[in-house]
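Below is one structure, written out as structure tokens; the observations come after it.
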């Protein structure tokens, strides 16, 4: 049976591949098209990729036991190239951090504060499952409006 650690490292490899595929397609769009309000929760393609980055920073911080004080709607980068590079780097850095963790880490409880300030406890493997499925959800929304 595959370990949780191996499973999530594989899932993060997939995250990189999926982001690369999506970003290559989005590079063909104009900046205006990426920033146009498409009626999405974060309005535009750019806004949704930005949310993907914010989420990676917030959840990555929680997983690492660090503070990550970002708002879901906080625009981190106005420039498309900077936004996609930061998104890819953030996901890669979290993958490298996870690679350095012992296998036992993935079956431990994780205590963290929600953005509301409420304390929460989840299993590390459940948080990581949320992380990768949330990213897939965001990429799906983006793909739907980009085609």
Test: residue 141 is surrounded by 14 or more Cβ atoms within 10 Å (Cβ to Cβ) and part of a loop (DSSP other than H, G, I, E, B) | no
Segment 102-122, subset at pLDDT 95 or above and touching a helix residue (DSSP H, G or I) at 6+ places or on another chain (Cβ under 7 Å), residue nearest to residue 72 (Cα to Cα) = 110
Does residue 92 satisfy the condition of being free of Cβ contacts under 8 Å to residues at least 24 places away in the same chain and either touching a helix residue (DSSP H, G or I) at 6+ places or on another chain (Cβ under 9 Å) or closer than 16 Å to residue 130 by Cβ (or both)?
-> no
Here the residues within segment 117-126 that are part of a strand (DSSP E or B) and surrounded by 14 or more Cβ atoms within 10 Å (Cβ to Cβ) are 122, 123
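Consider segment 15-40. How many of its residues are outside any helix (DSSP H, G or I) and exposed (fewer than 11 other Cβ atoms within 10 Å of the Cβ)?
At the first step, the residues of segment 15-40 found to be outside any helix (DSSP H, G or I) are 27-30, 36-40.
Then drop every residue that is not exposed (fewer than 11 other Cβ atoms within 10 Å of the Cβ), which leaves 28, 30, 37, 39.
Here the count works out to 4.
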Which residue out of 13, 79 is more than 27 Å from residue 100 (Cβ to Cβ) and more than 12 Å from the chain's Cα centre (by Cα)?
-> 79
When residues of segment 41-61 are limited to those that are out of contact with any helix residue (DSSP H, G or I) (no Cβ under 7 Å at 6 or more places or on another chain) and in contact (Cβ under 8 Å) with a residue 24 or more places away in the chain, the one surrounded by the fewest Cβ atoms within 10 Å (Cβ to Cβ) = 41
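Of the residues 129, 133, which is surrounded by 12 or more Cβ atoms within 10 Å (Cβ to Cβ), without any contact (Cβ under 8 Å) to a residue 24 or more places away in the chain, out of contact with any helix residue (DSSP H, G or I) (no Cβ under 8 Å at 6 or more places or on another chain) and under 17 Å from residue 56 (Cβ atoms)? Steps first, answer last, please.
Values: 133 fails: surrounded by 12 or more Cβ atoms within 10 Å (Cβ to Cβ).
Of the residues listed, the single one that is surrounded by 12 or more Cβ atoms within 10 Å (Cβ to Cβ), without any contact (Cβ under 8 Å) to a residue 24 or more places away in the chain, out of contact with any helix residue (DSSP H, G or I) (no Cβ under 8 Å at 6 or more places or on another chain) and under 17 Å from residue 56 (Cβ atoms) is 129.
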Go through segment 85-116 and count every residue that is under 17 Å from the mean Cα position of the chain (by Cα), part of a loop (DSSP other than H, G, I, E, B) and surrounded by 11 or more Cβ atoms within 10 Å (Cβ to Cβ).
-> 1
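The values are calculated or read from the model by the stated rules, or taken from the named source; none is laboratory data. Here the structure is a predicted model, which is why all the values come from computation and not from measurement. Cβ sites come from the backbone with ideal geometry, for glycine too, and all protein chains shown count toward neighbours.
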